[in-house]
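Okay, structure first, notes after.
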There are 2 protein chains.
Amino acid sequence: MSHGVVPVMDALGKAAVAAAQELAQAPTQRKNQALAAAAAAIRAQASLILAANERDLAAAQAQQQSAARLDRLRLTAQRIEAIAASVEAVAALPDPIGRVLEEWRRPNGLLIQRVAVPLGVIGIIYESRPNVTADAGALCLKSGNAVILRCGSDSRHSSAALHECLVAGLAAAALPPQCIQLVPTAERAAVGHMLSGMTQYIDVLVPRGGRSLVERVQKEARVPVIGHLEGNCHVYVDRDAQLDMACAVALNAKMRRTGICGAAETLLVDRACAATHLGPLLRRLLDAGCEVRGDREAQQADPRVQPASEADWYTEYLDAIIAARVVDGVDAAIAHIARYGSAHTEAIVTDNAATAERFLTRVDSAIVLHNASTQFADGGEFGMGAEIGISTDRFHARGPVGVAQLTSYKYVVRGSGQLRP
Amino acid sequence: MSHGVVPVMDALGKAAVAAAQELAQAPTQRKNQALAAAAAAIRAQASLILAANERDLAAAQAQQQSAARLDRLRLTAQRIEAIAASVEAVAALPDPIGRVLEEWRRPNGLLIQRVAVPLGVIGIIYESRPNVTADAGALCLKSGNAVILRCGSDSRHSSAALHECLVAGLAAAALPPQCIQLVPTAERAAVGHMLSGMTQYIDVLVPRGGRSLVERVQKEARVPVIGHLEGNCHVYVDRDAQLDMACAVALNAKMRRTGICGAAETLLVDRACAATHLGPLLRRLLDAGCEVRGDREAQQADPRVQPASEADWYTEYLDAIIAARVVDGVDAAIAHIARYGSAHTEAIVTDNAATAERFLTRVDSAIVLHNASTQFADGGEFGMGAEIGISTDRFHARGPVGVAQLTSYKYVVRGSGQLRP
């Protein structure tokens with residue numbers, strides 16, 4: 001552990017705790033004012049942000065980073081406008097803080113309310129996408145949480161420029177600048193200290209990035225983590241499925257966007273309808289440019305199908321590739337998903353209500369869908385507004401994590417002198 | 001790490017995961033049938049349970065354990081009846097599993113439901129009270145979670161006898177005996193393995209015991225923990241408090257039962273009413289046999305008051321002792337609680353609605369009360385039925401942890417062929 005990092009990080013932590021206490025009491029209008037001013041600053045500073053992004057891109061190119069990574073890192077005037085718009089979208093969300101989640105009166109007259117409060121201080125560790133700086137900062141501010149942002153070193157100039165706009169927004173609303181702090185050092189030791197050395201300052205950690213980052217955070221963190229691992233999502237086409245709906249859902253679930261965590265990675269087809277449905281399903285996917293890796297039945301149904309290995313059933317391709325196999329009915333589909341899936345999102349296509357209920361009840365995933373595309377696995381599509389990720393954990397938050405999932409609660413009890421007997 | 005423990009514990013873990021999958025689908029009636037049969041078995045086996053308890057007591061006496069510890073360990077016919085009755089009380093609770101927590105329809109016609117599901121496998125690590133075996137086993141069963149119980153070695157015969165009754169209940173309802181497992185070894189290494197070596201089997205850990213146990217679990221656990229540390233609870237008597245209500249609330253909050261976590265440990269009195277309220281408040285407590293450790297004003301108000309040290313403001317006495325001081329109004333009370341409190345439960349006594357709202361909003365504790373005793377900090381008093389503890393964490397569960405807090409949720413989405421644009 002480098003000497004310089006610890007005092008710097010502890011100072012951030014202390015300042016975040018103090019800011020969180022003030023932010024927890026901030027009225028909705030002040031938080032929204034800060035977000036509106038931040039969005040305006042992002043638009044006004046677009047040229048400075050682009051210049052900062054050029055420095056990051058030049059450094060990344062000098063390191064010969066992959067084209068995909070450069071694309072994640074790159075900002076354009078259009079992407080900056082989208083970032084500003086998403087900050088405004090967060091401002092437009094209902095305030096999750098102060099909501100009365102439940103209320104009941106006891107026989108002794110006590111009125112008990114469960115009221116939403118912020119979690120406190122959230123630490124966010126992310127990789128190359130600089131937009132996370134604005135998205136995560138806005139979501140934490142709206143939910144009344146102070147945030148410590150640790151961006152990937154390759155996006156540090158872009159993230160710093162965006163962070164300045166968020167701080168300008170806080171100033172415009174007379175909120176403490178420490179509500180949204182960016183770790184000022186690129187030293188790797190800062191991450192380790194956030195994971196295990198700041199338990200008295202950080203209430204929750206959110207990793208945003210690849211599997212190795214999320215796994216490291218979940219393994220080393222000494223505070224609670226909201227993390228999401230991969231989305232190895234399944235579409236099961238049941239014997240009672242309409243062929244046209246099955247083809248449309250499977251194609252949309254796989255090919256609409258192949259790089260998102262809700263994209264389907266495995267197609268399961270009921271043996272009882274394989275003769276009629278398997279061929280057309282595979283043809284639609286193959287004709288759309290999707291590579292199919294299948295079991296023997298799938299290979300027999302279309303000569304373009306490649307043989308699937310055991311590893312394929314576990315794989316999140318995030319690409320125009322799908323694994324496909326025949327299963328003996330809904331229970332075999334449920335068993336396949338339990339064995340190979342990642343408990344993220346699975347869909348069944350069937351007109352049989354009983355079969356659908358069996359699938360929806362017995363598949364233990366964050367999101368289960370009947371006659372709909374797995375690509376609806378998204379906070380925006382759920383009507384929750386922007387999301388910070390989709391949790392595959394069971395604890396605290398499962399599925400899309402929006403502002404409401406970034407809250408805790410307290411019990412407020414009102415009496416008239418009640419004593420406990 | 002002793003060689004024998006790991007395979008034994010891993011076998012428990014594997015069996016628990018399999019049992020949890022079956023239990024998650026069990027209908028309410030089967031779970032209640034198992035609990036009713038377990039309660040009947042506890043009554044029928046009372047003499048065997050008492051005999052087992054005698055063995056534990058003899059061993060504890062041979063180790064010259066404290067009277068308090070022996071009392072926690074001791075079972076009587078009356079205590080066994082209370083244990084059976086509490087298992088029946090859990091059976092009478094509404095089933096938390098399968099409840100639709102939220103439901104909404106999207107403009108595209110998708111119906112989205114958030115449905116409560118079990119957490120999975122819960123590990124419970126506790127100390128000498130053998131009744132925890134039945135209480136925790138019943139709460140986990142009702143909430144559809146498989147549980148691995150690790151009792152204190154000094155209660156192992158009593159806990160094993162109670163565990164047999166729970167397993168008999170499971171058998172009567174044709175539920176897997178592995179739904180409720182008791183760690184069969186007293187080796188200390190079993191605890192360490194539950195904390196860090198069983199992440200693939202255990203979803204949540206619940207420590208039940210003293211501060212050292214809870215702190216060890218929170219420090220070493222590699223899975224989420226529902227823990228509660230101490231309850232350093234405060235009663236603040238405001239300038240607008242009725243004296244008689246203030247005296248009654250303070251006396252009940254401190255003296256009704258001094259050993260529970262909701263017992264008041266510090267009395268704060270507004271300087272603006274100290275002349276009229278401080279003396280009578282202290283007198284009521286002192287006359288009831290409570291030791292008072294106070295600041296200068298408190299010592300001047302009653303000669304029986306001992307001087308308080310800085311450490312007293314931090315102390316959870318769990319005894320007939322209270323710290324008392326004068327503060328400059330509600331904001332000073334809020335500041336004292338923020339500095340010295342444990343964020344468990346605090347009460348304000350006042351007839352001023354605005355002052356009460358300020359206290360209820362700004363005191364960041366799991367439970368805040370207006371004109372009521374802190375001793376209402378209890379799942380039963382909240383109407384939640386039995387509780388496994390009171391969480392002072394902010395993540396997942398805060399305040400009383402009953403069956404509803406031992407659940408996760410999933411999103412069930414019903415469509416008619418919707419595709420994502």
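Key figures for this structure:
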{"item": "Qualifying residues in segment B:238-259 (those that are basic (Lys, Arg) and within 17 Å of B:THR345 (Cα to Cα)) - the one surrounded by the most Cβ atoms within 10 Å (Cβ to Cβ)", "result": "B:LYS254"}
{"item": "Condition check for B:GLY399: closer than 29 Å to A:GLY144 by Cα, facing chain A (nearest Cβ under 7 Å) and touching a Gly at 6+ places or on another chain (Cβ under 9 Å)", "result": "yes"}
{"item": "Test result for B:GLU310, charged (D, E, K, R) and either at the interface with chain A (Cβ under 10 Å from one of its Cβ atoms) or open to solvent by 10 Å² or more (accessible area, probe 1.4 Å) (or both)", "result": "yes"}
{"item": "Residue that is nearest to B:GLN63 (Cα to Cα) [pool: residues in segment B:163-209 that are within 14 Å of chain A (Cβ to nearest Cβ) and part of a loop (DSSP other than H, G, I, E, B)]", "result": "B:GLY197"}
{"item": "Tally, over segment A:138-162, of residues that are in contact (Cβ under 8 Å) with a residue 60 or more places away in the chain and part of a helix (DSSP H, G or I)", "result": "13"}
{"item": "Qualifying residue in segment A:346-357 (condition: modelled with pLDDT of 95 or more, surrounded by fewer than 23 Cβ atoms within 10 Å (Cβ to Cβ), within 17 Å of A:ASP240 (Cβ to Cβ) and of a type in the set (S, T, N, Q))", "result": "yes"}
{"item": "When residues of segment B:215-233 are limited to those that are open to solvent by less than 30 Å² (accessible area, probe 1.4 Å) and touching a residue at least 40 places away in the same chain (Cβ under 8 Å), the one farthest from B:THR392 (Cα to Cα)", "result": "B:VAL223"}
{"item": "Criterion: of a type in the set (Asp, Glu) and more than 30 Å from B:THR345 (Cα to Cα) - qualifying residue of A:ASP71, A:ASP10, A:ASP95", "result": "A:ASP71"}
{"item": "Residue that is open to solvent by 10 Å² or more (accessible area, probe 1.4 Å) and touching a Pro at 6+ places or on another chain (Cβ under 9 Å), where the choices are A:GLY385, A:GLY341, A:GLY379", "result": "A:GLY385"}
{"item": "Residue among B:ALA38, B:ALA82, B:ALA60, B:ALA26 that is open to solvent by less than 50 Å² (accessible area, probe 1.4 Å), touching a residue at least 12 places away in the same chain (Cβ under 8 Å), under 30 Å from B:ALA171 (Cα atoms) and outside any loop (DSSP other than H, G, I, E, B)", "result": "B:ALA38"}
{"item": "Flag for A:ALA11 being within 25 Å of A:ALA186 (Cβ to Cβ) and modelled with pLDDT of 95 or more", "result": "yes"}
{"item": "Some residue of segment A:260-271 being closer than 17 Å to A:ASP302 by Cβ, over 32 Å from the mean Cα position of the chain (by Cα), free of Cβ contacts under 8 Å to residues at least 60 places away in the same chain and open to solvent by less than 10 Å² (accessible area, probe 1.4 Å)", "result": "no"}
{"item": "Single condition A:ILE226 does not satisfy, out of (1) within 10 Å of chain B (Cβ to nearest Cβ); (2) in contact with a Leu (Cβ under 7 Å, 6 or more places away or on another chain); (3) within 15 Å of A:GLY209 (Cβ to Cβ)", "result": "(2)"}
{"item": "Tabulated pairs, segment A:371-392, first facing chain B (nearest Cβ under 9 Å), second among the small types (Gly, Ala, Ser) and surrounded by fewer than 21 Cβ atoms within 10 Å (Cβ to Cβ), C-beta under 6 angstrom, 6+ apart or interchain", "result": "A:ASN371/B:SER416; A:ASN371/B:GLY417"}
{"item": "Only listed residue being modelled with pLDDT of 95 or more, away from chain B (no Cβ under 14 Å) and open to solvent by less than 10 Å² (accessible area, probe 1.4 Å), chosen from A:LEU360, A:LEU286, A:LEU281", "result": "A:LEU281"}
{"item": "Restricting segment A:202-214 to residues that are of a type outside the set (A, V, I, L, M) and in contact with a Leu (Cβ under 8 Å, 6 or more places away or on another chain), the residue that is most open to solvent (accessible area, probe 1.4 Å)", "result": "A:ARG211"}
{"item": "Residues of segment B:335-357 that turn out to be more than 9 Å from chain A (Cβ to nearest Cβ), more than 18 Å from the chain's Cα centre (by Cα) and within 19 Å of A:GLY415 (Cβ to Cβ), as a count", "result": "9"}
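Residues checked against (1) of a type in the set (Asp, Glu); (2) modelled with pLDDT under 95; (3) more than 30 Å from B:PRO421 (Cβ to Cβ):
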residue	(1), (2), (3)
B:GLN45	no, no, yes
B:LEU50	no, no, yes
B:ASP56	yes, no, yes
B:VAL90	no, no, yes
B:TRP104	no, no, no
B:PRO107	no, no, no
B:ILE124	no, no, yes
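The values are calculated or read from the model by the stated rules, or taken from the named source; none is laboratory data. Computed from a predicted structure; not experimentally measured. So basically every Cβ, Gly included, is an ideal-geometry build from the backbone, and we count neighbours across all protein chains shown. Just the protein is used for accessible areas: all its heavy atoms, side chains included, with ligands, DNA and RNA removed. Shrake-Rupley method; radii C 1.70, N 1.55, O 1.52, S 1.80 Å.
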